[in-house]
Protein chains: 2
Amino acid sequence: MRIEIICTGDEVLTGKTVNTNFSHMSQKLEDVGLAVRWGTIVGDDRETLLEAFRLASARADAVIVNGGLGPTVDDLSQEIAARAAGVDLVLDAGWLERMEDFFQRRGRVMPPNNRKQAMLPSIAERLDNPVGTACGFALDIGKARFFFTPGVPREMRRMVEEQVIPRLLARSGLQAVIRLKRFHSYGLGESHVDALLAGIEMLASEGGVKLGFRAHYPQLETKLAVRGADAADIERKLAPVEAELRRRLGNFIIAEDDETLEGVVLDALRRCQGSLAVVETFTGGQIAARLAPLPGAEAIFRRGIVSRDLAEIAAALKLPALDQPSPSTAEAVAEAARRAAGASHGLAVLIELDEGADRIEFGGTIHVAIATERGAVSRRARMLGGRDWVRLGAAELALDALRRHLEGLPIAERIDFEKT
Amino acid sequence: MRIEIICTGDEVLTGKTVNTNFSHMSQKLEDVGLAVRWGTIVGDDRETLLEAFRLASARADAVIVNGGLGPTVDDLSQEIAARAAGVDLVLDAGWLERMEDFFQRRGRVMPPNNRKQAMLPSIAERLDNPVGTACGFALDIGKARFFFTPGVPREMRRMVEEQVIPRLLARSGLQAVIRLKRFHSYGLGESHVDALLAGIEMLASEGGVKLGFRAHYPQLETKLAVRGADAADIERKLAPVEAELRRRLGNFIIAEDDETLEGVVLDALRRCQGSLAVVETFTGGQIAARLAPLPGAEAIFRRGIVSRDLAEIAAALKLPALDQPSPSTAEAVAEAARRAAGASHGLAVLIELDEGADRIEFGGTIHVAIATERGAVSRRARMLGGRDWVRLGAAELALDALRRHLEGLPIAERIDFEKT
């Protein structure tokens, strides 16, 4: 089945808005085994929209159109859909009622121009939007089935997931039960993980498991998309592949599915009734900014100290003057921070930065130390890649070292991103 | 002149990579008065690329193609460009030499497959790439001029700026000297600023000044694009508009052009030989993470303390037990932080959060205090919009209050984002 996406709207066409809707839709389709073949971006202009619909309907079996369902005069999707299909716009009384109710529940009266959002092409099948006033719909234009979705990301995401993808899967004849199992790892590059996992899909003897990756430094997401007759069939296919993947990636898996590394760290601290004090230098508050805002963190993330100056850190923690960053300095800082905050765990991240201007070979030596009442441990890694890159890597290395420590794993396993 | 953009590559088509290249190119063109009329996204597939080139060449006067200039087998742009133009690929000996030199200077030998990057359509005009091995080029396909650019953002940005835009301006007949003056503001919404600045373009009596906006909460960027015969002409047109814009937006302008709010704050502290201590609660390190990493911050950003718990902050600063957040509590915390770090300025951001789960009406009352040896001042604002929204707003409000204080402006001017 050939699928296209048309993104509409002057904001997207002029680049005022980065087109994250396109990548979201395309990834979601990819995840269930459907491929997008062509994307089109056009503005709020009648002739251009008509031409885009006409071209796509001649090439594709299914087309997702995003945007243009709002109440203002430059929202043209219903009008042009009707024109392209050669039908009239008619009032969907049911949707009008839904909208009036939507406003009423918020203590407001529906403005008259919202009525336009209930005018749908006469042959349209309504696609529900439980979180907004833009009504989605589907209809045939030429040989292609068109699915019209709202431009507001939250509304689009829900409609694509609940309304569009099930219909596309039904039309494609693909098995409709899909599960996407995701693993987040840190420390191994994409090509390394690809090599480590070679042949793993074959462990599902009847097939149905597809391996994929998405790298967003410093993390890598490894995805197993499983297709089956029902949940039990999927579980049977996934189990051997998942077990082997866990074996091969082992300690490098930092989180799964919707989990985050910082969430996993916080949960591990919560489980051991622990609490945390953090000292950061070059990472400048990035570690605190990932942990402290999490729900429930107020009871666990006791205190963060940020300074670029070791003398300042010594003063804040009532330590004697500190030497250059080193494993023992980092351990002393972590322990002092832990004691000062009365926390179960102290985490310190110190860096010896290279001299000179920022450049691609710019690097630093990172010292991560973790202190508990049973003593302190540390790990050292040299990273290159420019200031921002090293900063991202240092924050990730530190959070991952804490995760490993909390999970009883070795904290100093060599990673692909460190240089000797 | 009708311009189109074609983005190529499976990474972009499948959504693995968010298409920031498209929005960057489109904005850059918009900034000089050129408009993109149509965007196409296709994968690394010969027939699809050919069809995309063919369609665009029939519609447009100029087409920018992005991606597909790399050394691997799925980089197809040169090959399909030659096919679409009906010409052969020939070796560009000059570019081959450039590439060999590029590798040599990095102490490496050029791999044989990079030779492919020097094979250009015989009629191609070379577009220089000073920062990579992907050679850009231009040629006619049908009635349209095609400009081929690399997919690597850093290389694309430079080539579009230095090679493509000047050629497009020359072809368009638009005056080629352009200046883009940008103002960043905080506290006024886009429609409010739009109304405040109504008619401002008319102050350039001969025209040539275009006003535009780009909102990225919590900041708003206001742009003046000026077109003229030469630099002096541009200066003459811009001066009255710029002066009036400064008058109307006044204290709400936080930075200009490539400046950032945090950079402006750091510079102001540097100028008064000042230094800073920061205490954050709900903002969780976001303020530190914006200030501390800046070049030169190590001497100015003395110390940041992050905790979600007021008792913890009191303990860290050796203060008696603190009540609920209030103006006086915030002032006491800012002063204690300033003293503890021996800094000239102390900044404290405390929040009283609403109860209950996160939701769109979720809000908080933010207390920002600034202490110096001459005493402390504070400002209070209630903001709504969900946890992340309030957190972003609180960090911005605090940095802006510090900027205002350092610049001798009132820190408590009412903003559009606060609710009574």
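The values are calculated or read from the model by the stated rules, or taken from the named source; none is laboratory data. From a predicted model like this one, the values you see are computed outputs, not experimental measurements. Here the Cβ positions follow ideal geometry from the backbone for every residue, glycine too, while neighbour counts run over all protein chains shown.
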**Asked** Of all residues in region A:373-401, which are closer than 16 Å to A:Pro327 by Cβ and away from chain B (no Cβ under 14 Å)?
**Response** A:Gly375, A:Ala376, A:Val377, A:Ser378, A:Arg379, A:Arg380, A:Ala381, A:Arg382, A:Leu397, A:Ala401
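Among the residues of region B:167-193, which ones are farther than 30 Å from B:Glu418 by Cα, part of a helix (DSSP H, G or I) and touching a residue at least 40 places away in the same chain (Cβ under 8 Å)? Working first, answer last.
First, the residues of region B:167-193 that are farther than 30 Å from B:Glu418 by Cα: B:167-180.
Subset that is part of a helix (DSSP H, G or I): B:167-172.
Matches in region B:167-193: B:Leu168, B:Leu169, B:Arg171, B:Ser172.
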**Request:** Taking A:Val265 as meeting all but one of (1) over 22 Å from A:Lys28 (Cβ atoms); (2) aliphatic (A, V, I, L, M); (3) modelled with pLDDT under 95, write down the number of the exception.
**Result:** (3)
**Prompt:** Taking the condition of a type outside the set (S, T, N, Q), within 24 Å of A:Thr20 (Cβ to Cβ) and assigned to a helix (DSSP H, G or I), does B:Met99 pass?
**Reply:** no
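Kindly provide the set of residues from region B:1-22 that are buried (at least 24 other Cβ atoms within 10 Å of the Cβ) and facing chain A (nearest Cβ under 7 Å), ordered by number. Before the answer, list the steps.
Here is the first cut: in region B:1-22, the residues buried (at least 24 other Cβ atoms within 10 Å of the Cβ) are B:3, B:5-9, B:12-13, B:15, B:19, B:21-22.
Matches in region B:1-22: B:Leu13, B:Gly15, B:Asn19, B:Phe22.
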**Item:** Some residue of region A:234-250 being of a type in the set (Asp, Glu) and outside any helix (DSSP H, G or I)
**Value:** no
**Asked** In region A:287-294, is there at least one residue being more than 8 Å from every other protein chain (Cβ to nearest Cβ), surrounded by fewer than 24 Cβ atoms within 10 Å (Cβ to Cβ), in contact (Cβ under 8 Å) with a residue 24 or more places away in the chain and touching a strand residue (DSSP E or B) at 6+ places or on another chain (Cβ under 9 Å)?
**Response** yes
**Fill in**
Among B:Arg98, B:Arg115, B:Arg83, B:Arg46, the single one that is within 14 Å of chain A (Cβ to nearest Cβ) and among the basic types (Lys, Arg) is B:Arg46
**Asked** Across region B:329-360, which residue is surrounded by the fewest Cβ atoms within 10 Å (Cβ to Cβ) among those that are free of Cβ contacts under 8 Å to residues at least 12 places away in the same chain and over 26 Å from B:Ala299 (Cβ atoms)?
**Response** B:Glu355
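Which of the following residues is part of a loop (DSSP other than H, G, I, E, B) and either exposed (fewer than 15 other Cβ atoms within 10 Å of the Cβ) or assigned by TED's automatic domain parsing to the domain that holds B:Leu50 (or both): B:Gly107, B:Gly94? Can you show your working first?
Values: B:Gly94 fails: part of a loop (DSSP other than H, G, I, E, B).
The unique qualifying residue is B:Gly107.
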**Message:** Going through A:Val65, A:Val73, A:Val32, A:Val18 one at a time, which residue ends up being over 26 Å from A:Glu162 (Cβ atoms) and out of contact with any Gly (no Cβ under 9 Å at 6 or more places or on another chain)?
**Reply:** A:Val73
**Message:** Can you say whether A:Asp31 is among the charged types (D, E, K, R), at the interface with another protein chain (Cβ under 10 Å from one of its Cβ atoms), under 16 Å from B:Ile5 (Cα atoms) and surrounded by fewer than 21 Cβ atoms within 10 Å (Cβ to Cβ), as far as the supplied structure shows?
**Reply:** no
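Just give me the residues in region A:251-286 being part of a helix (DSSP H, G or I), among the polar types (S, T, N, Q) and more than 30 Å from B:Leu291 (Cα to Cα), in sequence order. Break it down stepwise before answering.
Applying the first criterion (part of a helix (DSSP H, G or I)) to region A:251-286 yields A:251-252, A:261-271, A:286.
From the residues that got through so far, the ones that are among the polar types (S, T, N, Q) too are A:251, A:286.
A:Asn251 - this is the single residue of region A:251-286 that is part of a helix (DSSP H, G or I), among the polar types (S, T, N, Q) and more than 30 Å from B:Leu291 (Cα to Cα).
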**Among (1) out of contact with any strand residue (DSSP E or B) (no Cβ under 7 Å at 6 or more places or on another chain); (2) assigned to a loop (DSSP other than H, G, I, E, B) - the single one A:Leu34 does not satisfy** = (1)
**Among (1) touching a strand residue (DSSP E or B) at 6+ places or on another chain (Cβ under 7 Å); (2) at pLDDT below 95, the one test that B:Asp258 misses** = (1)
**Message:** Looking at the structure I just gave you, is B:Ile41 crowded, with 24+ Cβ neighbours inside 10 Å, within 14 Å of another protein chain (Cβ to nearest Cβ) and farther than 23 Å from A:Gln27 by Cα?
**Reply:** no
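To keep it simple, each residue is scored yes or no on (1) in the same structural domain as B:Gly375 (by TED's automatic domain parsing); (2) under 18 Å from A:Ala337 (Cα atoms); (3) within 36 Å of the chain's Cα centre (by Cα).
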{"position": "B:Leu310", "(1), (2), (3)": "yes, yes, yes"}
{"position": "B:Leu317", "(1), (2), (3)": "yes, yes, no"}
{"position": "B:Pro320", "(1), (2), (3)": "yes, no, no"}
{"position": "B:Ser326", "(1), (2), (3)": "yes, no, yes"}
{"position": "B:Ala348", "(1), (2), (3)": "yes, no, yes"}
**Complete:** Per the filter on region B:202-241, residues touching a residue at least 24 places away in the same chain (Cβ under 8 Å), surrounded by 15 or more Cβ atoms within 10 Å (Cβ to Cβ) and more than 21 Å from the chain's Cα centre (by Cα) are B:Leu203, B:Ala204, B:Gly208, B:Val209, B:Arg227, B:Gly228, B:Asp233, B:Ile234, B:Lys237, B:Leu238, B:Pro240, B:Val241
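Step by step: first the residues of region A:295-308, then only those that are part of a loop (DSSP other than H, G, I, E, B) and under 27 Å from the mean Cα position of the chain (by Cα), then the one that is surrounded by the most Cβ atoms within 10 Å (Cβ to Cβ). Which residue is that?
First, pick out the residues of region A:295-308 that are part of a loop (DSSP other than H, G, I, E, B): A:295-296, A:300, A:307-308.
Subsequent filtering for residues that are under 27 Å from the mean Cα position of the chain (by Cα) retains A:295-296, A:300.
Values: A:Pro295: 10, A:Gly296: 12, A:Ile300: 22.
Among them, the one singled out is A:Ile300.
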**Request:** Tell me which of these B:Phe137 doesn't satisfy, since it passes every other one: (1) within 14 Å of chain A (Cβ to nearest Cβ); (2) in a strand (DSSP E or B).
**Result:** (1)
**Item:** Residues satisfying the stated conditions in region A:117-131, i.e. over 34 Å from the mean Cα position of the chain (by Cα) and either more than 20 Å from A:Gly142 (Cα to Cα) or buried (at least 16 other Cβ atoms within 10 Å of the Cβ) (or both)
**Value:** A:Met119, A:Pro121, A:Ile123
**Prompt:** In region A:319-342, what residues are within 11 Å of chain B (Cβ to nearest Cβ) and more than 16 Å from A:Glu280 (Cα to Cα)?
**Reply:** A:Gly342
